[in-house]
Each structure stands twice: as C-alpha cells, then as structure tokens.
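Heads up: the structure comes next, in structure tokens.
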Amino acid sequence: MPETPLLDTVSSPADTRKFSIAQLRQLADELRAETIDAVSQTGGHLGAGLGVVELTVALHHVYETPQDILIWDVGHQAYPHKILTGRRSRIRTLRQGGGLSGFTKRSESEYDPFGAAHAATSISAALGFAAARDADGRENKVVAVIGDGSMSAGMAYEAMNNACETTKQLTVILNDNDMSIAPPVGGMSAYFARLVSGGGYQSIRNLGKSVAKAFPRPMREAARKAEEFARGMVTGGTLFEELGFYYVGPIDGHDMDALVHVLQNARKIDDKPVLVHVVTHKGKGYAPAENAADKYHGVVKFDVVTGQQAKGQPGAPQYTKVFAQELIKHAERDPKIMAITAAMPSGTGLDLFGQKFPERTFDVGIAEQHAVTFAAGLAADGMKPFCAIYSTFLQRGYDQVVHDVAIQGLPVRFALDRAGLVGADGATHAGSFDIGFLGQLPGMVVMGPSDEAELAAAIATAVAIDDRPSAFRYPRGEGLGVAIPEFAKPLEIGRGRIVREGTAVAILSFGTRLGESLKAADMLAARGLSATVADARFAKPLDLDLLLRLAREHEALITVEEGSMGGFGAFVLHALAEHGALDRGLKIRTLTLPDIFQDHDKPEAMYAQAGLDAEGIVRGALSALGADNASVAGRRA
C-alpha cells in the first residue's frame, strides 16, 4: 500500500515538530502541490505563496505557533500557512463568498494574530506584540515575515528604527525574492549565516562583550564596531545593523536544512532584535509560474498540467486599459504629462504608458506618501503629473494629499483605480472612502465617470485643469462597451447631465452605478412610476443648478454612489439644506455602501448586499415615496 502523505498527518503545526529534515522536505513538496491544486480551482495569489513553502514549513517547525506570534506582511503569500494551520479542508473556498480570505484574518484562525493585506505593516505590528509580551513578563517569540518589495515602504524602516529601543527579542524574516539586494546565495553564505547565528559564535561574542565591559567606553565602542564591520564584510546587512538589528544571512530560502538550523539559532538570540535574510524564488517548484514574467503573482483558475489560465469571454475593455490608452493619447500631444505609480505598474495600466514613455514614468515602490509628494513637486515645477493609485492605497498618502497638494492648490491628477467594491480581495482592497476624504478638501475636483467614454472625458478634463488638484475614480473590471471618441473633449467643470427624463422620482447617480440606475428606472416604470435618471459626473463641485432642478420637479430624490457614508450623498444633502430645498418637503434617500466592512464575494453579490443594484435602487425609491404596489397608481405618469 502507498504510504500516507505526510500532509495528511498534519492537523496543526505541532505535528511537524517531530519531523526530520528529510520529512520536512517531503512535507514542503506536498504542501506546494496542494497549494497549486487549490489555487487552480479558486484563482488568487500563487507565486508568492510558492516562494515561501519551505520557509512556512520551517517557521512552524521551529516556532511554537500560535503561542509564538507569526505575522505575514501583506498576507497574500499565506495560503501554505493556512493549509498547515487547520484550514486545509476549506482551502478551496479561498476568496469565495463565505470562504477563506485571500489574506490573513484575525477572525479566521488563532494562527492569524494580525490581519494584513496592505504592505509594510508586519514589523510595526510585531513590535506591538513584543512590547505587550515584555510588559506581561511572557517569554513567547515574535516573528514578522516581510518581503523585499514591502521594504521599499517607509513604515518598515520606522518600525525597525524603533525596535531596538522597544524590545530585545524580535525576529524579522526578510523574504528577498526580487530586488537582489544581496549577493547570490550559495553554500558559503549559508555556512556563514549558520556560523554567526550559532551558539558557538554567540558564546564567543558574549564573552567578548563581558571582557570589553572592563575597557574604557571608547575602546568598547571600537570593539563593537570592529565586530559588526568584520561580520558585515562577510555577510552584508550593514544597514540593518545600523538600525540596531543583528543581521543573519543571506541564506537559501529553499534549503530546508539551512533554514531550520538558522531559525533555531535566531530563536535563541535575546539580546537584540534579529533580521534573517532569506532569498527565495517566486513561483518556486511550478514551471509555468517560474517561467512567467509575473511568476503567476495573481491568477484566475488554471489547468495544473499546462498552467493555462482560464480565459473569459471577450467583452468590453477594462477600465484600467482605457485609462492607460487615453493617457497615452494625451501624452503624445503634451510632453509635460508624467505618470507615477506606487509599485503597481501593471495593476494601474502604467506599464503600457511606461513602454511608450519610459522617461516620463516613475514607479516609486510601495511608497504612496512619497508618490503623492513627488507628484506635488512635479506639479509645482510646471509638469502635469498623473498619480495612478488604487483607491484603497491612496488612504496611505492622505496627509500628503492634504498638506502637500491641496493646501498648495497644486494640479496633481489622481487616477483612482479599483474604486468601489473589488470582489474577491474583500474589505482590505475596497475603494470605499475616497469620495468623502477627497471631496472634503477645498479646491479639489472629484469626478466619477459612469462608463469608459465618460472616463476618457474625465481624463481629458484632468489634463485641462491646471490650477487645482483633481481626481477621477473608476472600478475594477470591464466597461459597458460604449464607443470612445478618437479624442475625448474635456467636460465643463461641475456640470452633470440628464440621461432620462421622468416626473415622479429622480435618481442622481455618481459613477458606474448609472447602468443599474437606468435598469431601476425601467423597473419603476413597470410599477407605474416615472423616473428621471441623471449622471452627476462630479461630486465636487456639485452641479447645483441640476440638483435644485431635480429637487424642485420631483417628489423624491435618490442619490446612488459606490462609496461609503459621508461622500456624494452627504454633499448633496448639505447643498440642498443650504439652499432650502429640503424645506419644501422633498423626500430623499442616499444610497451608499453599508456601514460595515463587506467580506469578499462576487462583485454583483456584494453590490446586491449593499443595495446598490437595480433592485436596491428601486427599494430606495419606493421607501422614499412611501409607496408599495397598492399605492403606486396615484403617481402614474
């Protein structure tokens, strides 16, 4: 009979702690195969998880999780971790409605002590856990695993700078899989890593420290620097040493023997924080991922044997691609147009812009704060910067939007991709708040295109605005298939449009819920209610003339937006109240995203839950009118 796979014998990480190195290697192979098979059925992040399979096994083997705290930065590489920590039976529900999150999540497992999905939070959070442990007198270990990409974010260095002042026992694993910030790894570097983290070296080092204490302070400091310099010459890591960390590495992140021994040694170091530098290969162990340019970072369902990803039906162009193509058109005419992204060139479409204008494209890394102020500097010197950032990530640069852009009135153009709900990525990536947090800034222009042609017009408008900041937001996914002009013309600032005329109720839509608003108007007409549908186009400045006309000529007004409370609907209510329109008995409903963080699901299911589909808009209208099927007759057109 064939032997039972080792993975089948693991119900929790504790089961791995009796395994030999050879068994851990076997477990890693089985874990990699299980991860590939699961993601082939669900889609999701694949390459990053494959790159840390051996590291995942080694960490859970060496550390006594969940008592020892293990925090994964971003969390998109944590699928193997989820399989090992009691969630294997549910792993094929990843990113599905009611299933496992694609990131770590506190409510999901005790092995996820800190939820994450944005980069560079792990060291700060781990330091908080370490400080709490020290205050309580506990002795558990705390580990943060952070990728080299996340190390481009300033928050990681802020935490490291604070670490040595806060605790003496913290381990940071630097998962280096792309930036090549270290020399190539091999037997010699693994040997030195094991040597400097090992008990023998530590004993000699501690003996040297005790002897040095008898020396005058200048000689003690000279001895310390000499030891760090000598070790840095062999292993690198001087930057981390200067930040107060004991640097170990680089080591091969796929060498189980080296990993286990170095982690065992690092676990014993308790006189200063430790950084273990591990070099891994994204997509490791799956040829299609290893050979792909993006290492299968994010995939849809695919065939495990061939690696071929499922292709959807040809449809309308993606909003992201429309943005890139339209910006290229303008940049061909205007050499002052620049494009900035924060580590998302393909996600924002700026990879296409960069191919055409490499000298005018800037990827600043995971550094949204820097991206915004960098764009402000470009604008201050006469350039026309387009700062393309996901709505959810611009939250990280909000102080810079306020202080460096808005207060100075600088014409930075913000292209906000992934506005509204984003489906499988869930609450951490939803673009829920930008309407409110940008619309409250004096002088800001905020646009919400309703389709791809309107997006092209919004881009043309942003190009033309040269005296103040502006933003336009658009969702993930496909447009509606409407024709885009060869060269879109700018919109009149603060002017909306009537799309359909009616009498009883007015639906004022901001953004891409316009299509659902028109469907709702049809459904209301079937009930005998005539509806006007208007496209606001601007949340700021509002089209006051249009708004007051809708309020004056209709019994009820419904606002619709793909954003949280405190956004477009709030701006409308404020304007109506300020101009006395509410005094005449206007009935109004503001339809927004619900006041919760919505869990991941299919976008259409999420919008239905939010009440922002056609049925939800109809319910809002009937609620405002106090109408039901029996009382509609009196309001027939």
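A few comments on the model shown:
- Filtering Asp73, Asp29 for residues that are of a type in the set (Asp, Glu) and either under 21 Å from the mean Cα position of the chain (by Cα) or crowded, with 18+ Cβ neighbours inside 10 Å (or both) leaves a single hit, Asp73.
- Residue within region 389-402 that is of a type in the set (Val, Ile, Thr), closer than 17 Å to Asp434 by Cα and more than 20 Å from the chain's Cα centre (by Cα) present: yes
- Pick from region 10-26, criterion surrounded by fewer than 18 Cβ atoms within 10 Å (Cβ to Cβ) and closer than 26 Å to Ser101 by Cβ, ranking: farthest from the chain's Cα centre (by Cα): Asp15
- Only one of the numbered conditions (1) in contact with a Pro (Cβ under 8 Å, 6 or more places away or on another chain); (2) within 22 Å of Glu478 (Cα to Cα) is violated by Ala316, and that is (1).
- Selection within region 98-149 - under 19 Å from the mean Cα position of the chain (by Cα) and at positive phi: Ala120
- Qualifying positions in region 442-495 - acidic (Asp, Glu) and more than 14 Å from Val412 (Cβ to Cβ): Asp451, Glu452, Glu454, Glu478, Glu486, Glu492
- For Gly147: the one exception among (1) in contact with a strand residue (DSSP E or B) (Cβ under 7 Å, 6 or more places away or on another chain); (2) surrounded by fewer than 17 Cβ atoms within 10 Å (Cβ to Cβ); (3) of a type in the set (Gly, Ala, Ser): (2)
- Test: residue in region 33-47 that is within 22 Å of Ala116 (Cβ to Cβ) and assigned to a loop (DSSP other than H, G, I, E, B): yes
- Residue match in region 407-416 (condition: more than 24 Å from the chain's Cα centre (by Cα) and of a type in the set (Lys, Arg)): no
- Looking at Val248, Val262, just one residue is in contact with a strand residue (DSSP E or B) (Cβ under 7 Å, 6 or more places away or on another chain), over 30 Å from Pro490 (Cα atoms) and assigned to a strand (DSSP E or B), and that residue is Val248.
- Search result, residues across region 576-608 that are surrounded by fewer than 14 Cβ atoms within 10 Å (Cβ to Cβ), part of a loop (DSSP other than H, G, I, E, B) and of a type in the set (Asp, Glu): Asp595
- Considering each residue of region 388-396 in turn, at least one proves to be outside any helix (DSSP H, G or I), touching a Leu at 6+ places or on another chain (Cβ under 9 Å) and aliphatic (A, V, I, L, M).
- Test result for Phe374, free of Cβ contacts under 8 Å to residues at least 40 places away in the same chain, of a type in the set (A, V, I, L, M, F, W, C) and touching a Phe, Trp or Tyr at 6+ places or on another chain (Cβ under 8 Å): yes
- Looking at Leu31, Leu27, Leu6, Leu59, just one residue is touching a residue at least 12 places away in the same chain (Cβ under 8 Å) and over 30 Å from Gly149 (Cβ atoms), and that residue is Leu6.
- Scanning region 411-442 for residues that are outside any helix (DSSP H, G or I) and surrounded by fewer than 21 Cβ atoms within 10 Å (Cβ to Cβ) returns Phe433, Gln440, Leu441, Pro442.
- Flag if Glu561 is closer than 30 Å to Gly97 by Cα, touching a Phe, Trp or Tyr at 6+ places or on another chain (Cβ under 8 Å), among the charged types (D, E, K, R) and in contact (Cβ under 8 Å) with a residue 12 or more places away in the chain: yes
- Meets criteria (more than 28 Å from Gln408 (Cα to Cα), among the basic types (Lys, Arg) and at pLDDT 95 or above) for Arg513: yes
- Within region 306-321, being within 23 Å of the chain's Cα centre (by Cα) and charged (D, E, K, R) holds for one residue alone: Lys321.
The values are calculated or read from the model by the stated rules, or taken from the named source; none is laboratory data. Values in this document were obtained by computation on a predicted structure and should not be read as measured data. Glycine also receives a Cβ, built like all others from the backbone with ideal geometry; neighbour counts cover every protein chain displayed.
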